[in-house]
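Engineer: Quick one: structure below, then a few questions.
The values are calculated or read from the model by the stated rules, or taken from the named source; none is laboratory data. Note that this is a predicted model, so its numbers are computed, not measured. Note that each Cβ is placed from the backbone with ideal geometry, even for glycine, and that neighbours are counted across all protein chains shown. Each accessible area value is taken on the protein alone, full model and side chains, heavy atoms only, with ligands, DNA and RNA left out. Shrake-Rupley method; radii C 1.70, N 1.55, O 1.52, S 1.80 Å.
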Amino acid sequence: MNPIIETVIVAIWLMLPAYITNASAAFFGGKTPIDGGIFWGKSRLLGEGKTYEGLLKGFSCGFLFGIFQHLFLNSFGLFPFFLVTLFCLSAGAMLGDLLGSFIKRRVGLKRGAPLPLVDQLDFVCGAWLLLFLFARDWFIEAFSLDIIIAVIILTPLLHLFTNYVGFKIGRKRVPW
Ligand code: CTP
Ligand code: MG
(Lines give C-alpha, C1' and ligand atoms only; values in the text may rest on other atoms or scores of the structure.)
(Ligands and ions follow the chains in the order given, each with its own letter.)
Protein backbone atom coordinates (compact mmCIF):
# COMPACT_ATOMS: atom_id res chain seq x y z
CA MET A 1 0.00 0.00 0.00
CA ASN A 2 1.12 3.58 -0.63
CA PRO A 3 2.90 4.61 2.60
CA ILE A 4 1.06 7.94 2.86
CA ILE A 5 -2.33 6.25 2.58
CA GLU A 6 -1.24 3.68 5.13
CA THR A 7 -0.16 6.44 7.56
CA VAL A 8 -3.51 8.21 7.09
CA ILE A 9 -5.48 5.02 7.78
CA VAL A 10 -3.44 4.15 10.88
CA ALA A 11 -3.71 7.73 12.20
CA ILE A 12 -7.50 7.74 11.85
CA TRP A 13 -7.85 4.24 13.30
CA LEU A 14 -5.77 5.09 16.41
CA MET A 15 -7.59 8.38 16.99
CA LEU A 16 -11.07 7.00 16.27
CA PRO A 17 -12.08 6.54 19.95
CA ALA A 18 -11.29 10.25 20.50
CA TYR A 19 -13.09 11.26 17.29
CA ILE A 20 -16.18 9.25 18.24
CA THR A 21 -16.10 10.76 21.73
CA ASN A 22 -16.02 14.31 20.43
CA ALA A 23 -18.64 13.73 17.74
CA SER A 24 -21.00 11.89 20.14
CA ALA A 25 -20.83 14.69 22.71
CA ALA A 26 -21.92 17.12 20.00
CA PHE A 27 -24.52 14.73 18.57
CA PHE A 28 -26.25 13.99 21.88
CA GLY A 29 -25.57 17.28 23.65
CA GLY A 30 -27.11 17.84 27.06
CA LYS A 31 -28.75 20.26 29.47
CA THR A 32 -26.75 20.40 32.70
CA PRO A 33 -23.77 22.74 32.40
CA ILE A 34 -20.63 21.38 34.08
CA ASP A 35 -19.68 24.85 35.33
CA GLY A 36 -23.06 25.10 37.10
CA GLY A 37 -23.64 28.48 35.47
CA ILE A 38 -20.85 30.20 37.35
CA PHE A 39 -18.80 33.05 35.96
CA TRP A 40 -15.11 33.75 36.21
CA GLY A 41 -14.70 37.45 35.65
CA LYS A 42 -17.02 38.59 32.88
CA SER A 43 -17.36 35.18 31.20
CA ARG A 44 -18.72 31.81 32.14
CA LEU A 45 -16.17 29.36 33.49
CA LEU A 46 -16.84 26.92 30.60
CA GLY A 47 -20.19 27.92 29.09
CA GLU A 48 -23.57 26.36 28.24
CA GLY A 49 -21.98 24.11 25.60
CA LYS A 50 -20.16 21.89 28.11
CA THR A 51 -22.66 19.59 29.81
CA TYR A 52 -22.48 16.50 32.02
CA GLU A 53 -24.72 14.56 29.64
CA GLY A 54 -22.57 15.40 26.62
CA LEU A 55 -19.44 14.49 28.52
CA LEU A 56 -20.76 11.13 29.75
CA LYS A 57 -22.37 10.13 26.44
CA GLY A 58 -19.31 11.22 24.49
CA PHE A 59 -16.97 9.32 26.79
CA SER A 60 -19.12 6.16 26.79
CA CYS A 61 -19.54 6.05 23.00
CA GLY A 62 -15.84 6.60 22.33
CA PHE A 63 -14.73 4.09 24.96
CA LEU A 64 -17.17 1.39 23.79
CA PHE A 65 -16.33 1.98 20.16
CA GLY A 66 -12.66 1.56 21.06
CA ILE A 67 -13.40 -1.79 22.71
CA PHE A 68 -15.01 -3.02 19.47
CA GLN A 69 -12.01 -1.74 17.51
CA HIS A 70 -9.71 -3.58 19.89
CA LEU A 71 -11.70 -6.84 19.57
CA PHE A 72 -11.38 -6.49 15.81
CA LEU A 73 -7.66 -5.61 15.71
CA ASN A 74 -5.61 -5.61 18.90
CA SER A 75 -4.53 -2.01 18.41
CA PHE A 76 -4.55 -0.43 21.84
CA GLY A 77 -2.07 -2.48 23.82
CA LEU A 78 -2.02 -5.68 25.84
CA PHE A 79 -4.83 -6.91 28.06
CA PRO A 80 -5.86 -5.28 30.39
CA PHE A 81 -3.87 -2.11 29.64
CA PHE A 82 -5.77 -1.41 26.45
CA LEU A 83 -8.59 -0.24 28.77
CA VAL A 84 -6.25 2.45 30.13
CA THR A 85 -5.32 3.46 26.58
CA LEU A 86 -8.98 3.74 25.60
CA PHE A 87 -9.80 5.65 28.77
CA CYS A 88 -7.04 8.15 27.94
CA LEU A 89 -8.29 8.57 24.37
CA SER A 90 -11.94 9.16 25.30
CA ALA A 91 -11.66 10.89 28.69
CA GLY A 92 -8.71 12.89 27.34
CA ALA A 93 -10.79 14.06 24.38
CA MET A 94 -13.50 15.34 26.73
CA LEU A 95 -10.91 16.95 29.01
CA GLY A 96 -9.22 18.69 26.08
CA ASP A 97 -12.59 19.96 24.85
CA LEU A 98 -13.27 21.44 28.30
CA LEU A 99 -9.83 23.07 28.33
CA GLY A 100 -10.50 24.50 24.87
CA SER A 101 -13.75 26.09 26.06
CA PHE A 102 -12.03 27.31 29.22
CA ILE A 103 -9.43 29.10 27.06
CA LYS A 104 -12.13 30.50 24.74
CA ARG A 105 -14.07 31.98 27.69
CA ARG A 106 -10.89 33.49 29.15
CA VAL A 107 -10.18 35.38 25.92
CA GLY A 108 -13.79 36.58 25.94
CA LEU A 109 -15.23 34.37 23.17
CA LYS A 110 -18.89 33.42 23.58
CA ARG A 111 -20.20 29.88 23.23
CA GLY A 112 -19.87 28.76 19.62
CA ALA A 113 -17.59 31.62 18.54
CA PRO A 114 -14.84 30.12 16.38
CA LEU A 115 -11.26 29.84 17.59
CA PRO A 116 -9.38 28.16 14.75
CA LEU A 117 -7.10 25.26 15.66
CA VAL A 118 -8.23 25.30 19.32
CA ASP A 119 -11.73 24.23 18.22
CA GLN A 120 -10.35 21.46 16.03
CA LEU A 121 -7.39 20.25 18.07
CA ASP A 122 -8.25 20.80 21.76
CA PHE A 123 -9.60 17.26 22.12
CA VAL A 124 -6.52 15.79 20.40
CA CYS A 125 -4.24 17.60 22.87
CA GLY A 126 -6.30 16.31 25.80
CA ALA A 127 -6.14 12.73 24.52
CA TRP A 128 -2.40 12.94 23.92
CA LEU A 129 -1.81 14.51 27.32
CA LEU A 130 -3.55 11.64 29.14
CA LEU A 131 -1.84 9.05 26.92
CA PHE A 132 1.54 10.62 27.66
CA LEU A 133 0.80 10.58 31.39
CA PHE A 134 -0.84 7.18 31.78
CA ALA A 135 -0.13 5.05 28.69
CA ARG A 136 3.27 6.39 27.70
CA ASP A 137 4.85 3.20 26.37
CA TRP A 138 1.94 2.48 24.06
CA PHE A 139 1.67 6.13 23.01
CA ILE A 140 5.36 6.40 22.06
CA GLU A 141 5.27 3.11 20.19
CA ALA A 142 2.02 3.75 18.31
CA PHE A 143 2.37 7.46 17.56
CA SER A 144 5.48 7.77 15.44
CA LEU A 145 6.27 11.25 14.10
CA ASP A 146 4.56 10.60 10.76
CA ILE A 147 1.36 9.52 12.54
CA ILE A 148 1.45 12.63 14.75
CA ILE A 149 1.85 14.88 11.71
CA ALA A 150 -0.97 13.06 9.91
CA VAL A 151 -3.29 13.54 12.92
CA ILE A 152 -2.48 17.26 13.15
CA ILE A 153 -3.22 17.77 9.46
CA LEU A 154 -6.21 15.44 9.13
CA THR A 155 -8.12 16.19 12.32
CA PRO A 156 -9.07 19.81 11.46
CA LEU A 157 -10.28 18.66 8.04
CA LEU A 158 -12.32 15.76 9.44
CA HIS A 159 -13.61 17.97 12.25
CA LEU A 160 -14.79 20.70 9.87
CA PHE A 161 -16.45 18.11 7.65
CA THR A 162 -18.31 16.31 10.46
CA ASN A 163 -19.33 19.58 12.10
CA TYR A 164 -20.70 20.82 8.81
CA VAL A 165 -22.75 17.63 8.51
CA GLY A 166 -23.88 18.05 12.15
CA PHE A 167 -24.93 21.62 11.40
CA LYS A 168 -26.85 20.60 8.27
CA ILE A 169 -28.79 17.86 10.09
CA GLY A 170 -29.61 20.35 12.86
CA ARG A 171 -27.44 18.76 15.55
CA LYS A 172 -24.85 21.52 15.75
CA ARG A 173 -25.55 25.22 16.34
CA VAL A 174 -22.56 26.41 14.31
CA PRO A 175 -20.74 24.68 11.43
CA TRP A 176 -17.34 24.60 13.25
N1 CTP B 1 -21.41 19.18 24.19
C2 CTP B 1 -21.95 18.91 25.45
N3 CTP B 1 -21.13 18.59 26.49
C4 CTP B 1 -19.79 18.52 26.32
C5 CTP B 1 -19.23 18.80 25.06
C6 CTP B 1 -20.06 19.13 24.02
O7 CTP B 1 -23.18 18.94 25.62
N8 CTP B 1 -19.03 18.20 27.39
C9 CTP B 1 -22.33 19.52 23.09
C10 CTP B 1 -22.95 20.91 23.23
O11 CTP B 1 -24.26 20.82 22.72
C12 CTP B 1 -22.07 21.77 22.32
C13 CTP B 1 -21.75 20.79 21.22
O14 CTP B 1 -21.61 19.54 21.86
O15 CTP B 1 -22.74 22.91 21.83
C16 CTP B 1 -20.52 21.10 20.40
O17 CTP B 1 -19.36 21.19 21.19
P18 CTP B 1 -18.34 22.38 20.95
O19 CTP B 1 -18.24 22.72 19.52
O20 CTP B 1 -17.07 22.04 21.66
O21 CTP B 1 -19.06 23.56 21.78
P22 CTP B 1 -19.59 24.99 21.43
O23 CTP B 1 -21.06 25.02 21.67
O24 CTP B 1 -19.07 25.46 20.11
O25 CTP B 1 -18.95 25.86 22.59
P26 CTP B 1 -17.47 26.40 22.82
O27 CTP B 1 -17.47 27.81 22.30
O28 CTP B 1 -17.31 26.32 24.30
O29 CTP B 1 -16.51 25.51 22.07
MG1 MG C 1 -14.92 22.43 21.43
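Engineer: Taking every eigenvalue of the Cα gyration tensor of the chain, multiplying by 5 and rooting it, what semi-axes result, largest first, whole Å?
Structural biologist: Value: 28, 17, 15 Å, ordered largest first.
Engineer: Tell me the net charge near THR155. Cut-off is 12 Å between Cβ atoms, THR155 excluded, with +1 for each Lys or Arg and -1 for each Asp or Glu. Present the calculation step by step, with values, prior to reporting the outcome.
Structural biologist: Details: positive: none; negative: ASP119, ASP122.
Once positives and negatives cancel, what remains is -2.
Engineer: For the chain, what's the relative contact order in percent, using C-alpha pairs closer than 8 Å and at least 6 residues apart? Please report the intermediate quantities before stating the final value.
Structural biologist: Working: 251 pairs, mean separation 43.8, N = 176.
This gives 25 percent for the chain.
Engineer: Let me ask you something else. Quick test of the membrane-span-like rule: which DSSP H helices of the chain reach at least 27 Å along their long axis (C-alpha atoms) with mean Kyte hydropathy at least 1.0? Intermediate values should be presented prior to the final figure.
Structural biologist: Working: long enough: 3-28 (36 Å, 1.55); 52-72 (30 Å, 0.88); 82-106 (35 Å, 1.12); 145-168 (35 Å, 1.60).
TM-like helix candidates: 3-28, 82-106, 145-168.
Engineer: Hey, another quick one. Kindly state, to the nearest 0.05, the FRET efficiency for GLU141 paired with LYS42, given R0 = 35 Å and r defined as their beta-carbon distance.
Structural biologist: Working: r = 45 Å, r/R0 = 1.29.
Efficiency, rounded to the nearest 0.05: 0.20.
Engineer: Treating the beta-carbon of each Lys and Arg as +1 and of each Asp and Glu as -1, no other charges, what is the dipole magnitude of the chain about its Cα centre, to the nearest 20 debye?
Structural biologist: Working: 15 positive and 10 negative charges, 206 e Å.
For the chain, the charge dipole is close to 980 debye.
Engineer: Leaving out ligands and nucleic acids, note down the accessible area per residue over the chain with a 1.4 angstrom probe, in whole Å².
Structural biologist: Numbers: 9920 Å² over 176 residues.
Accessible area per residue: 56 Å².
Engineer: Return the single residue from LEU95, LEU46, LEU117 with maximal mean-square fluctuation; model: Gaussian network over the chain, springs between Cα atoms under 10 Å.
Structural biologist: Per the Cα network of the chain with a 10 Å cutoff, LEU117 tops the list.
Engineer: Exactly which trypsin sites (Lys or Arg not before Pro) in the stretch 88-176 are in a DSSP loop and have at most 15 other Cβ atoms within 10 Å?
Structural biologist: Working: sites: LYS104, ARG105, ARG106, LYS110, ARG111, ARG136, LYS168, ARG171, LYS172, ARG173; in loops: LYS110, ARG111, ARG171, LYS172, ARG173.
The qualifying sites are LYS110, ARG171, ARG173.
Engineer: Specify which residue in the list ALA11, GLY166, PHE76 is farthest towards the positive end of the charge dipole of the chain, using unit charges on the beta carbon of Lys, Arg (+1) and Asp, Glu (-1), about the Cα centre.
Structural biologist: Comparing the listed Cα positions along the dipole, GLY166 ranks first.
Engineer: Still on this structure, please answer the following. Report the local net charge at PRO175: Lys and Arg +1, Asp and Glu -1, summed over other residues whose C-beta lies under 14 Å from its C-beta.
Structural biologist: So the surrounding residues net to +3.
Engineer: Next question, about the same structure. About the Cα centre, and with charges only on the beta carbon of Lys, Arg (+1) and Asp, Glu (-1), how big is the dipole of the stretch 54-144? Nearest 20 debye, please.
Structural biologist: On the way: 7 positive and 5 negative charges, 101 e Å.
So the magnitude is around 480 debye.
Engineer: Taking H as built 1.01 Å from N, whose amide H comes closer than 5 Å to the amide H of THR51, not counting residues under 5 places away?
Structural biologist: Long-range HN contacts for THR51: ILE34.
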